[in-house]
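K.L.:
The structure follows.
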Amino acid sequence: MYDVFMDPFVQMAQMPDLLVQVLWEGLVSGVLYALIALGFVLIFKASGVFNFAQGIMVVFSALSLVGIYQFLARNGFSGHLAAFVALVGAIGVMFLLAVAVEKIVLRPLVNQPDIILFMATFGITWFLIGLGEIIFGGEPKAMISDQLFLPRGAWNVDMLGGMVVFQKLDVAAAVIASLMIASLAVFFQKTRIGRALRAVADSHKAALSVGISLNQIWVIVWFAAGVVALVAGIMWGARSNVSFSLQIIALKALPVLILGGFTSVPGAIVGGLIIGVGEKLAEFYWGPLVGGGIEAWFAYVIALVFLLFRPQGLFGDKIIERI
Amino acid sequence: MFYREAGQFKDNYAADRAVFPILQDRIGLGVILLAAFLVVPLLGNAFFLNSIMTPFLIMALGAIGLNILVGYTGLLSLGTGAFMGVGAYAAYKLTTSFPQVNVLIWVMCSGFFAAAVGAVFGLPSLRIKGFYLAVATLAAQFFLQWSFVRVGWLYNHDPSGAIQIPARTLFGLPITGPHATPLTQYLVVLSIVVFMTLIASNIVHGRIGRSWMAVRDMDIAAQLMGIRLLPTKLLAFAVSSFFCGVAGALMVFFWLGAAEPVVFDINLSFKILFMVIIGGLGSLIGCFLGAALIHVLPIVIRMLPLGGDAAMVEHLTFLLVGALIIFFLIVEPHGLAQLWRLLKQKLRVWPFPY
Amino acid sequence: MTAPLTLYGDPSARSSLARGETLLKVSDVSLSFGGVKAITKVSFDIRKGEIRAIIGPNGAGKTSMLNVINGFYHPQQGEISYRGAARARMKPYQAASQGIARTFQNVALFKGMSALDNIMVGRTLKMKRGLFWQMLRKGPAMDEEVAHRRVVEDIIDFLQIEAIRKTPVGKLPYGLQKRVELGRALAMEPELLLLDEPMAGMNLEEKEDMCRYILDLNSQFGVTIALIEHDIGVVMDLSDRVVVLEYGHKIADGVPDEVKADPRVIDAYLGVAH
């Protein structure tokens, strides 16, 4: 009992520097979860599709980036400029993907039950895994961090009687993610397309009746989600490697969504941070008690418990079932 | 011409409620069973039995389990792989702890453990549906898989971290372990799968199956018929997990012979789910059709002239399975089973168009 | 005219209540969603054996009232007593087991099942065999299945839907779907049958059929019926007593002729001519 309820807190109090380090690590992975969750929210809001393929889109976009760069490098064109050409190329790939998904998958499945569309995104996931592996190969790839001006190294900060390490890359990730989220918020609130998106989110039929093209909107949101995925893929890839196993980690955006609610952008962010910090704390302080590795399921179990008590999420409205 | 129901009058309700009311269907089923029990063992070589038939049957059983949940009760689960794992580990623990009891009894009992675990993880289904529930079952998937790795007691602290199936016999004939022949293993698996399919068919055609479908189609109206949601959904979870658990135990005992935790990962869950989607939601025949397609697909791809690259085969399988899922959801959401029904309908009126 | 129904066995032996006694009593019930008031202090009763109509303009709270009786919604205030016993927060399946059945405004059939199976679901509460016998589907389970099939066939006969019994209900035209839904409710052998706009969207002939079924049910088997209907002509012809709701308030209650003459009702339907 002592080990479970007291000891971890004693440790936290005794070594506050370590606690800050763990919290920081949690925040950074939380930001990345939030970024992936944001892609889900975009698509869910505008099309009601729960896009299981968001995780593979993260991997696929990052692979495209690295793949295109490597292709250019093999042909004697490398360096910063080539990296940015590759970046544009990867964005182009995500655009093509959005168009293809809309044309091939969404359009024929209009008006099908949500769950059918959900399962269709499993199909997209598998297809992209296969396609990605055929084109780029299955082995992990290093992200082209230097070429994209991503910083290396770390700031070592003396505080609380110890030293806390802040990786510059993590700081950059947090900043870029915040910028991304802010610009999306502006896009949603201030632009014509943003208004159309919100209209579609409220009611497909009403939006159609005032002349908004659903097909165009879907392409736009899937493209936006693709770009968000690309950013998430670059950040994550720079921290570790670009590999298909990332797809499984990306699934953690699902519990994030359950915490935050499927339609709420601030929910996705707060949910992401809670899950990120929560699982790092749990892993570091309680994990050793059960042999470690609880990061693999902790987020899901939090979500499960949460669902039992508050199925509508942190920011969702109470669900009134109408008959 | 030969497939007509004309002249077959049902003079009692029992005959009308039969699972196969048409005589030709019953003959067809008999022929298939005869072929499975006699012709396949006579003609099949070890590769065919061990790499195609046995795993196909096991996967079909798992698909039946999942279909009870997804197809009949409308509850989406992504934790099938883990529930199969529960069955496998339970059977392993039971047979290593009590080796004197026949292994087949333990294989069937393992289903009860899977059922209990399934029911626990089914509890949230009362309050949540659709993809929310899918996420909840992901919790089961990842938590259980983690347990298979970390709880040494489950695999008897074997240093390899895997479960090694000991040799067991039935009537003096080795059925598990290195000395068991593919033929005996195939026959054991076939018998169990046929038996359990029969039970599944009985359940879904009776009162319980109807309550499940009522909950699936319109849960509010179902409550008004006096159907209580929680017990009905939990029963679906339990029965479904029972089937998955037995399938998992069969998989390790009669096919793989040993298994690491990674065998029961989320990819297995998806593989089974895809069998259900492609085969047909809410159809038992569909489970077999879907399992056949998904399981045979990589084997067929391997035979294609691609240079025999194993990785390429896997990649192509992913690609094709993904494409097939989308294709079926768009073109025929009721899967291969619906195509089968249409074919029978055409055959019934052949040679006339209708 | 109609086939003998094995349904209900001997109708008089079933209920301890005599015809005309109060079966269900709604007292001072209020219901709101968030801040929106759906029903405000409504009281009325339903007597054994009568056809009771609930009418009112759109949004008057009629369907909400049925949902309260059914146990889908729990009123914030007031009390409902059924067969003399007041009930606390009741679940819909408990209402079902007490003999309250219901049809829906927008047909709520089980779309993936045949008409026959839909009606068979209505027998669920009466079927007792557990998982073990269901697995075998022999002996007691099959006997039970056949016995209930016989009852269901009588209902199919009564509603004249023999030809479509094996058709998936999703493929049926609207009028027939409504009929199957009535059959499903009947299969529960209800004491109180709640019908939410049973004739909505029907043509004249279908309406006449439906009226005949309702009257037959009431007169032959003594089923107490509460119905919501917009066709005032039908309501006045069918019902014994009518309660009128407007904006969640009760504005009139009585026999059809009284209600028809009530100035408040006329105002509610035709607009106030001040």
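The values are calculated or read from the model by the stated rules, or taken from the named source; none is laboratory data. Quick caveat: nothing in here was measured; it's all calculated off a predicted structure. Positions of Cβ are backbone-derived with ideal geometry, glycine not excepted, and every protein chain shown enters the neighbour counts. Quick note on the areas: whole protein, heavy atoms, side chains included, nothing else; ligands and nucleic acids left out. Shrake-Rupley method; radii C 1.70, N 1.55, O 1.52, S 1.80 Å.
K.L.:
How much accessible surface area, in Å² rounded to 10, belongs to the heavy atoms of C:LYS111 with a 1.4 Å probe?
P.N.:
110
K.L.:
Can you pull the Kirkwood radius for the protein assembly as shown, inverse mean 1/r over Cα pairs, to one decimal in Å? Please list the in-between numbers first.
P.N.:
Details: mean 1/r = 0.0321 Å⁻¹.
Every distinct Cα pair counted, the radius reaches 31.1 Å.
K.L.:
How many partner chain Cβ atoms sit within 10 Å of a residue's Cβ in peptide B:322-333, on average, as a whole number?
P.N.:
Details: counts 13, 7, 3, 9, 13, 2, 3, 10, 9, 1, 0, 5.
Mean partner shielding for this stretch: 6.
K.L.:
Mind telling me which of B:PRO159, B:PRO124, B:PRO99 comes out most flexible in a GNM of chain B, alpha-carbon contacts under 10 Å?
P.N.:
Ranking B:PRO159, B:PRO124, B:PRO99 by mean-square fluctuation puts B:PRO159 first.
K.L.:
Moving to a separate point now. Given that compact globular proteins tend to follow 2.2 N^0.38 Å, what is the ratio of the alpha-carbon Rg of region A:252-317 to that value? Don't skip to the answer; put the middle values down first.
P.N.:
Values: Rg = 12.1 Å, N = 66, 2.2 N^0.38 = 10.8 Å.
After normalising by residue count via 2.2 N^0.38 Å, the value is 1.12.
K.L.:
Here are some pairs, A:LYS205/C:LYS62; B:LYS129/C:LYS37; C:LYS25/C:LYS250; B:LYS271/B:LYS344; C:LYS48/C:LYS207; A:LYS45/A:LYS280; which of them have Cα atoms lying more than 18 Å apart in this structure? Don't jump to the answer; show the numbers that get you there.
P.N.:
On the way: A:LYS205/C:LYS62 27 Å; B:LYS129/C:LYS37 28 Å; C:LYS25/C:LYS250 14 Å; B:LYS271/B:LYS344 28 Å; C:LYS48/C:LYS207 25 Å; A:LYS45/A:LYS280 30 Å.
Cα-Cα > 18 Å for A:LYS205/C:LYS62; B:LYS129/C:LYS37; B:LYS271/B:LYS344; C:LYS48/C:LYS207; A:LYS45/A:LYS280; rest within.
K.L.:
Would you list B:ARG17, A:ARG310 from the most to the least accessible area, probe 1.4 Å? Before the final figure, lay out each step's value.
P.N.:
Numbers: B:ARG17 30, A:ARG310 90 Å².
Ranked list, largest accessible area first: A:ARG310, B:ARG17.
K.L.:
Another one. Name all residues of region A:279-300 having a backbone nitrogen under 19 Å from the label point set 7 Å from the Cα of A:TYR2 along its Cα→Cβ direction, giving them as ranges.
P.N.:
In region A:279-300, the label zone of A:TYR2 (backbone N under 19 Å from the point 7 Å along Cα→Cβ) covers A:285-290.
K.L.:
Taking amide H positions as placed in the peptide plane 1.01 Å from N, state which residues far from B:ILE175 in sequence (5 or more) or on other chains have amide H under 5 Å from it.
P.N.:
B:ARG168, B:THR169, B:LEU170
K.L.:
Taking the Cα of B:PHE112, stepping 7 Å toward and past its beta carbon, and measuring to each backbone N in region B:235-275: which are under 19 Å?
P.N.:
Within reach of a label on B:PHE112, which here means backbone N under 19 Å from a point 7 Å along Cα→Cβ, region B:235-275 contributes B:235-250.
K.L.:
While we're on this one: Considering only protein heavy atoms, with the full assembly of protein chains and a 1.4 angstrom probe, order B:LEU49, B:LEU336 by accessible area, largest first.
P.N.:
On the way: B:LEU49 5, B:LEU336 35 Å².
Ranked from most to least accessible, the order is B:LEU336, B:LEU49.
K.L.:
Taking the Cα-to-Cβ direction at A:GLN14 and at A:VAL186 and moving 7 Å from each Cα, how far apart do the two end points lie in nm?
P.N.:
About 4.9 nm separates the two model spin labels.
K.L.:
Once C and B are treated as a pair rather than alone, how much accessible area drops out, both sides summed, in Å² to 100, probe 1.4 Å?
P.N.:
Numbers: alone 13110 and 17810 Å², together 27750 Å².
Rounded to the nearest hundred, the buried surface is 3200 Å².
K.L.:
Over region C:35-145, how many percent of alpha carbon pairs lie in each 5 Å bin up to the one with the longest distance?
P.N.:
The percentages, shortest bin first, are 2, 8, 16, 18, 17, 13, 10, 8, 5, 3, 1, 0.
K.L.:
Then there's this: Heavy-atom accessible area of B:HIS334 with all protein chains present, probe 1.4 Å, nearest 10 Å²?
P.N.:
Spelled out: B:HIS334, probe radius 1.4 Å, area about 100 Å².
K.L.:
Give the relative contact order (percent, whole number) for chain A; include only Cα pairs under 8 Å separated by 6+ residues.
P.N.:
On the way: 450 pairs, mean separation 108.7, N = 323.
Relative contact order here is 34 percent.
K.L.:
A further question follows. Quick one: accessible area per residue over chain C, 1.4 Å probe, rounded to a whole number of Å²? Could the numbers behind the result be given before it?
P.N.:
Values: 11410 Å² over 274 residues.
About 42 Å² of surface per residue is accessible.
K.L.:
Taking a probe of 1.4 Å and counting only protein heavy atoms, give the total accessible area buried between chains B and A in Å², rounded to the nearest 100. Let's see the in-between values first.
P.N.:
Details: alone 17810 and 15890 Å², together 29740 Å².
For chain B against chain A, roughly 4000 Å² becomes buried.
K.L.:
Now for a separate question. Going 7 Å from the Cα of C:ALA200 toward and past its Cβ, which residues in region C:222-249 have a backbone nitrogen under 13 Å from where you end up?
P.N.:
C:228-231
K.L.:
Using heavy-atom solvent-accessible surface (probe 1.4 Å) with all chains present, what is the largest-first order of C:TYR174, B:TYR92?
P.N.:
Details: C:TYR174 90, B:TYR92 10 Å².
Ranked from most to least accessible, the order is C:TYR174, B:TYR92.
K.L.:
Let me ask something else about it. So, with a 1.4 angstrom probe, what is the percent of accessible area on the protein assembly as shown that is carbon and sulfur? Provide the component values of the computation, followed by the final result.
P.N.:
Working: 25340 of 39280 Å².
Carbon-and-sulfur percentage of accessible area, whole number: 65.
K.L.:
OK, next. Looking at the square roots a ≥ b ≥ c of the eigenvalues of the Cα gyration tensor of region A:190-323, which shape do they give, rounded for a/c under 1.5, prolate if a/b is larger than b/c, or oblate?
P.N.:
Values: a/c = 3.12, a/b = 1.54, b/c = 2.03.
It is oblate, given that a/c is not under 1.5 and a/b is not larger than b/c.
K.L.:
Here is a follow-up. Given a Förster radius of 51 Å and the C-beta distance between A:LEU289 and A:VAL175 as r, what FRET efficiency does 1/(1 + (r/R0)^6) yield to the nearest 0.05? Walk me through the numbers before you get to the answer.
P.N.:
Numbers: r = 36 Å, r/R0 = 0.70.
My answer for the efficiency is 0.90.
K.L.:
Run the 1.4 Å probe and let me know the accessible area of A:ASP17, rounded to the nearest 10 Å².
P.N.:
30
K.L.:
All other residues with a Cβ under 13 Å from the Cβ of C:GLU79 taken together, and with Lys, Arg as +1 and Asp, Glu as -1, what is their net charge? Kindly include the intermediate steps, with their values, before the conclusion.
P.N.:
Numbers: positive: C:LYS25, C:LYS41, C:ARG87, C:ARG89; negative: C:ASP28, C:ASP45.
Combined, the nearby Lys, Arg, Asp and Glu give +2.
K.L.:
Moving to a separate point now. Just want the answer: with Cβ charges of +1 for Lys and Arg and -1 for Asp and Glu, which residue in B:ILE285, B:LEU235, B:GLY30 is farthest toward the dipole's positive end in chain B?
P.N.:
B:LEU235
K.L.:
What distance in nm separates the simple spin-label points at B:SER51 and C:TYR174, each placed 7 Å from Cα in the Cβ direction?
P.N.:
The answer from the label model is 5.9 nm.
K.L.:
Continuing with the same structure: Could you do me a favour and compute the accessible area per residue for region B:45-265, 1.4 Å probe, result in Å²?
P.N.:
Working: 6830 Å² over 221 residues.
Normalised by residue count, the accessible surface of region B:45-265 is 31 Å².
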